[in-house]
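The values are calculated or read from the model by the stated rules, or taken from the named source; none is laboratory data. Only a predicted model underlies this, so the values are computations on that prediction, with no experimental measurement involved. So basically every Cβ, Gly included, is an ideal-geometry build from the backbone, and we count neighbours across all protein chains shown.
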Amino acid sequence: MVATFEPKSEYKVIGTRPIRHDGLDKVTGRAIYGADIKLPNMIWGTVLRSPHAHARIKSVDTSAAEAMDGVHAVVVNADLPKAENKMVDLGEGATNLKWAVDNILASDKVLYAGHAIAGVAAVDRYTAEEAARAIKVEYEVLPSATNVDDTIASDMPAILEEFVGSPGAEESGHANHVKEFVHEFGDPDEAFGGADHVIEAEFSLEMVHQGYIEPHNATAVWDEDGRLKIWTSTQGAFTVRQQVAAVLQMSESKIRVTPLEIGGGFGGKIPIYLEPVAAALSRKAGNVPVKMIMERRSVFEGSGPAAGGKINLKLGATKDGKLVAADSTLRMEAGAYPGSLVGASGMCIYACYNIPNMRITGYDVLVNKPKVAAYRAPGSPQVAFAIETLVDDLCEQAGFDKWQFRRDNAAKEGTRRGDGPIFPRIGMEEVLDAAKETDHWNSDIGEASPGRVRGRGFASGYWFNVGLQSSVNLSLNDDGTVELVEGSTDIGGTRASIAMQAAETLGITAEDVNPTVVDTDTVGFTAVTGGSRVTYATGYAAYNAAIEMIDKLKVRASRLWSIDEDDVQFEDGVFSSKSDPELSIGFKDLAGKLGDTGGPVTSTGSVDLEAAGGAYGTHICDLEIDPETGKTDVVRYTIVQDAGRAIHPSYVEGQMQGGAAQGIGWALNEEYYMSDDGVMANSSYLDYRMPTSLDLPSIETVIVEVPNPVHPYGVRGVGEVPIVPPVPAVGNAIKDAIGIRLREAPMNAGRIVAALDS
Amino acid sequence: MTTQVTPGPSRVHVRTTINGNSHEFLVPPYMSLLDTLREIVGLTGTKEGCLDGNCGACTVSLDGRIVDSCLVLGAEIDGKSVETVEGMATSEGLHPLQQAFLEEAALQCGICTPGFLVAAKGLLDNEPAPDEHRIRHWLAGNLCRCTGYDKIVRAVQKASAEMA
């Protein structure tokens, strides 16, 4: 039974904008990020990576590297415990242990350019890099493929030989093309037959990267008793512990992971890359600490980007504007190992709408590119590009108003999501209504500069959010302040949003709560900072811990007053006797009088939440295009999003703006540009070209609050949904500006010029 | 047998001023100013993002000029003056830019923040009242992947107003 809550309209702490607790450290340079740690006797590690997209490793000769002055250790796959070909749970769902280990250090084959082959530890970073260059690898280069079409060519070998002859591969006809699911509901084929308007199209997207500014890093050292200590920048210390334990085949409790400050993640800092290499190097070098920082090129080539792929979508509507049928085939790039997150794409593709007859077929497609990882609402922006574009085209074809059609068919409580679940209370309708009320919607698009053209588009998006497990410990200080210990790494202000929920519950100020993110020895299991879950789930755990603290303090007050426990109540930060109005004491005053009532007061809260409450957003984009060059400038951009309840509105706005900025980059410019031989040709920030401050306007935000009934304060996750609408919103604006529909992302200058020329 | 001494050519003697303090040290001739600050001087507030001058996370001020410290050698600062994020706050308190970044929620993960602060200070030291476009143009060498820049620009505007 899931508990439900009635929202309050007024709060004392929630909805205010206090300065974040970790702010001072982060504006003064004192905050310790993963790369900042320094330990006694520490040496440096680096990784040798494959220059080939697909090759058999014939031999690896490390002798020259090992002989170099200043080199302490060299490790290859054989220095890791032998991994069986079996499925294990690594906290992100089941995966094959051999694949997980091979992605850390390749064994028999390299599957993408950038695939790690060997680790080197030396007295300093420069020496380690010199030594890595001295390792000789003999390759037998194999044919490679970097997109979903080329990889299923008849002469393209299986990237993972385990899939040869598997049921999924048999059905699709190629070992690199694994059918994951078919979701079907109603009778889509019959519904298309009865529809007055049917439209279909193919959409294509390239792989993109999260682009976090801080490279991956890890520092590891073994104790003499076999305990492994790791310091790293991660979205989940416990997830690192889980993955490292699996790869090194040791007990989780023998590993302590200390999460240092993290410089961005967006899903990409959930998997491990360097940690087992640092551990293996530390052991081989005599149990000294080994620190590793991934260079930027390797972050692009060797970490976990977001899937590109192809989406075929068909929609059917009646002449009076009712969406009656949808059918889609999703072929998403997994990279070199399975896991494209096509399942999430299937959950999201129809989630803005109520479609009574539908089918979704999902394929996980292996290509010679790095194994994809989560990227902010993973899988949803790609399918939003397809459906929000095709909905616009359907409206134009049939003469429907684009807003009214979306409003009439909007998903609401009771609507069935494409993959089966029935929606609880959601805010799609409210978001669309609020979008129509914005200043942006009701303002003229303005004059284009001479020779240029302007266009406006809008689009919506959905993300399901997750709950999962979180733990929080509280301890009360004599002065009435509270220490809050949590396991959720703070990527964007969640110390504040968790502390504020504890403070609200306890009747004290945000500043009275001191939140600390701790290592895996020091707090109960806490799942990743991901899935837009931290303010929701860890906030819920903080609420539970605060409620337990209040219950304990009621007992203490009853002892102080020598009255019955049940006679004590707590309201607005004050404990009082129900029967004797003379007896009352504030939270902080009581904290100073606990000496004789039974010792220090501590409490804990933990949750395991299944229901999360999905979130919706609608974005409006005005842009200006130079038809000569194809250069596109976003000139005005507004985000409307349901936050359930905004705990700290500034950081909710920040999530919205940041997600939109990434989505605008995805729409207009960002891509893995692969050379013919399968190497990423733009693996630097110069060439990958993420949006700069000069590329973006001031992004306007409207927070809609449709309280989430399964959270004490009505919170919905806010971090991910803002990256979903931008790609189609930009595409719809481009169509409005130049009258041509682009169905391939990025919709960059070259594609715009080519479209205008044809 | 391995050694704890860095191999390679002999080190360069450097006397320099960092955040107003005199420093004297030996640095390998190939070591970047970024690594020199972080590994030799011990100031880790300056961050590594890309090591090829395209993200601005390692921005410092060198004799009053904004540079990417990953593109400068440590040996080059001999006789010069370097300012890093650690030098912005004084015993009087935070620099107005630091205060404005906190109040305007202009940071999320915070890894780009030191670079933005040093770069923005470089702007306001020379141009006390830049308009929004000028701020966006000046900061275009600093990448932020979290904020979408809006709150950063507002924070710089706020600090500019406070310092006027």
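Collect the residues in region B:73-85 that are buried (at least 22 other Cβ atoms within 10 Å of the Cβ) and either farther than 30 Å from B:GLU162 by Cβ or within 11 Å of chain A (Cβ to nearest Cβ) (or both), keeping them in residue-number order. Result: B:GLY74, B:ILE77, B:THR84, B:VAL85. Among the criteria (1) assigned to a loop (DSSP other than H, G, I, E, B); (2) under 28 Å from A:ASN41 (Cβ atoms); (3) at pLDDT 95 or above, the one A:GLU224 does not fulfil is (3).
From the list A:GLY23, A:GLY15, A:GLY114, the lone residue that is within 30 Å of A:GLU486 (Cβ to Cβ) and either touching a Lys or Arg at 6+ places or on another chain (Cβ under 7 Å) or buried (at least 21 other Cβ atoms within 10 Å of the Cβ) (or both) is A:GLY23. When region A:572-598 is examined, which residues are found to be touching a residue at least 40 places away in the same chain (Cβ under 8 Å) and farther than 14 Å from A:GLY480 by Cβ? A:ASP572, A:THR597, A:GLY598, listed by residue number.
Residues checked against (1) surrounded by fewer than 21 Cβ atoms within 10 Å (Cβ to Cβ); (2) in contact with a Phe, Trp or Tyr (Cβ under 8 Å, 6 or more places away or on another chain); (3) within 13 Å of chain A (Cβ to nearest Cβ):
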| position | (1), (2), (3) |
| --- | --- |
| B:GLU92 | yes, no, no |
| B:ALA120 | no, yes, yes |
| B:ARG136 | no, yes, yes |
| B:SER160 | no, no, no |
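For region A:70-97, a residue qualifies if it is at pLDDT below 95 and either closer than 20 Å to A:VAL123 by Cα or outside any loop (DSSP other than H, G, I, E, B) (or both), and the qualifying residues are A:MET87, A:VAL88, A:ASP89, A:ALA94, A:THR95, A:ASN96, A:LEU97. Can you list residue pairs whose Cβ atoms sit under 6 Å apart, with the first residue in region A:612-629 being under 30 Å from A:ASN708 (Cβ atoms) and the second being acidic (Asp, Glu)? Count only pairs 6 or more apart in sequence or on different chains. Partner pairs satisfying both residue conditions: A:ALA615/A:ASP642; A:TYR616/A:ASP642. Scanning region A:581-603 turns up at least one residue that is assigned by TED's automatic domain parsing to the domain that holds A:MET549, more than 30 Å from A:GLY467 (Cβ to Cβ), among the polar types (S, T, N, Q) and not in a loop (DSSP other than H, G, I, E, B).
So for region A:542-555 (the condition being within 22 Å of the chain's Cα centre (by Cα), in a helix (DSSP H, G or I) and either acidic (Asp, Glu) or within 14 Å of chain B (Cβ to nearest Cβ) (or both)), does at least one residue qualify? For region A:542-555, residues within 22 Å of the chain's Cα centre (by Cα), in a helix (DSSP H, G or I) and either acidic (Asp, Glu) or within 14 Å of chain B (Cβ to nearest Cβ) (or both): absent. Looking across region B:63-72, the residues that are buried (at least 19 other Cβ atoms within 10 Å of the Cβ) and in a strand (DSSP E or B) come down to B:ILE66, B:VAL67, B:ASP68. Consider region A:236-267. How many of its residues are surrounded by fewer than 23 Cβ atoms within 10 Å (Cβ to Cβ), of a type in the set (S, T, N, Q) and out of contact with any strand residue (DSSP E or B) (no Cβ under 9 Å at 6 or more places or on another chain)? The number of residues fulfilling the criteria is 3. Scanning for something at pLDDT 95 or above and within 21 Å of A:ASP490 (Cα to Cα), does region A:446-461 turn up at least one residue? Among the residues of region A:446-461, not one is at pLDDT 95 or above and within 21 Å of A:ASP490 (Cα to Cα), which makes the answer no. Checking each residue of region A:502-511 against the condition of being touching a Gly at 6+ places or on another chain (Cβ under 6 Å) and surrounded by 23 or more Cβ atoms within 10 Å (Cβ to Cβ) gives no match. The residue of region A:473-515 that is nearest to A:SER233 (Cα to Cα), among those that are of a type in the set (S, T, N, Q) and within 22 Å of the chain's Cα centre (by Cα), is A:THR489.
Looking only at residues in region A:168-212 that are in contact with a Gly (Cβ under 8 Å, 6 or more places away or on another chain) and polar (S, T, N, Q), which one is surrounded by the most Cβ atoms within 10 Å (Cβ to Cβ)? If we take residues in region A:168-212 being in contact with a Gly (Cβ under 8 Å, 6 or more places away or on another chain) and polar (S, T, N, Q), then A:GLN210 is surrounded by the most Cβ atoms within 10 Å (Cβ to Cβ). Within region A:99-109, is there a residue that is surrounded by fewer than 18 Cβ atoms within 10 Å (Cβ to Cβ), among the charged types (D, E, K, R), over 30 Å from the mean Cα position of the chain (by Cα) and more than 14 Å from chain B (Cβ to nearest Cβ)? Yes, some residue in region A:99-109 is surrounded by fewer than 18 Cβ atoms within 10 Å (Cβ to Cβ), among the charged types (D, E, K, R), over 30 Å from the mean Cα position of the chain (by Cα) and more than 14 Å from chain B (Cβ to nearest Cβ).
Across region A:216-227, the number of residues qualifying as surrounded by fewer than 24 Cβ atoms within 10 Å (Cβ to Cβ) and either in contact (Cβ under 8 Å) with a residue 24 or more places away in the chain or within 14 Å of chain B (Cβ to nearest Cβ) (or both) comes to 6. Here region A:480-512 is the region considered, the condition is being touching a residue at least 40 places away in the same chain (Cβ under 8 Å) and in a strand (DSSP E or B), and the residue that is nearest to the other protein chains (Cβ to nearest Cβ) is A:GLU486.
When you scan region A:303-322, do you find a residue that is at positive phi, more than 14 Å from chain B (Cβ to nearest Cβ) and surrounded by fewer than 24 Cβ atoms within 10 Å (Cβ to Cβ), even just one? Yes, region A:303-322 has at least one match.
Meeting the requirement of 1 or more residues that are within 25 Å of A:ILE159 (Cα to Cα), of a type in the set (S, T, N, Q) and more than 18 Å from the chain's Cα centre (by Cα), the strands (runs of 3 or more DSSP E) wholly within region A:266-364 are A:309-317, A:323-335.
Listed by first and then second residue, the pairs linking a residue in region A:145-158 that is under 13 Å from A:GLY173 (Cα atoms) to a residue that is outside any loop (DSSP other than H, G, I, E, B) and modelled with pLDDT of 95 or more, with Cβ atoms under 7 Å apart and 6 or more places separating them unless they lie on different chains, are A:THR151/A:VAL365; A:THR151/A:LEU366; A:MET156/A:ASP150. Annotation note: of A:PRO338, A:PRO370, the sole residue that is touching a Ser or Thr at 6+ places or on another chain (Cβ under 9 Å), surrounded by fewer than 24 Cβ atoms within 10 Å (Cβ to Cβ) and in contact (Cβ under 8 Å) with a residue 40 or more places away in the chain is A:PRO338.
Of everything listed in (1) closer than 30 Å to A:ILE723 by Cβ; (2) modelled with pLDDT under 95; (3) of a type outside the set (Asp, Glu), the single unmet condition for A:GLY617 is (2). Return the residues of region A:139-162 that are charged (D, E, K, R) and not in a strand (DSSP E or B); say none if nothing qualifies. Selection gives A:ASP149, A:ASP150, A:ASP155, A:GLU161, A:GLU162.
Answer yes or no: is there a residue in region A:121-138 that is surrounded by fewer than 20 Cβ atoms within 10 Å (Cβ to Cβ), assigned to a strand (DSSP E or B) and in contact (Cβ under 8 Å) with a residue 24 or more places away in the chain. Yes, region A:121-138 contains a residue that is surrounded by fewer than 20 Cβ atoms within 10 Å (Cβ to Cβ), assigned to a strand (DSSP E or B) and in contact (Cβ under 8 Å) with a residue 24 or more places away in the chain. Considering region B:24-60, the residues that are part of a helix (DSSP H, G or I) and touching a residue at least 24 places away in the same chain (Cβ under 8 Å) include one that is farthest from the other protein chains (Cβ to nearest Cβ), namely B:LEU33.
The listed residues are B:ALA159, B:ALA119, B:ALA100, and the only one of them that is closer than 17 Å to B:ALA57 by Cβ and assigned to a helix (DSSP H, G or I) turns out to be B:ALA119.
For beta carbons closer than 6 Å, sequence separation of 6+ or different chains, a first residue in region A:633-644 that is under 11 Å from A:TYR616 (Cβ atoms) and buried (at least 24 other Cβ atoms within 10 Å of the Cβ) and a second that is among the hydroxyl-bearing types (Ser, Thr, Tyr) and at pLDDT 95 or above, the qualifying pairs are A:VAL640/A:THR618; A:ASP642/A:TYR616.
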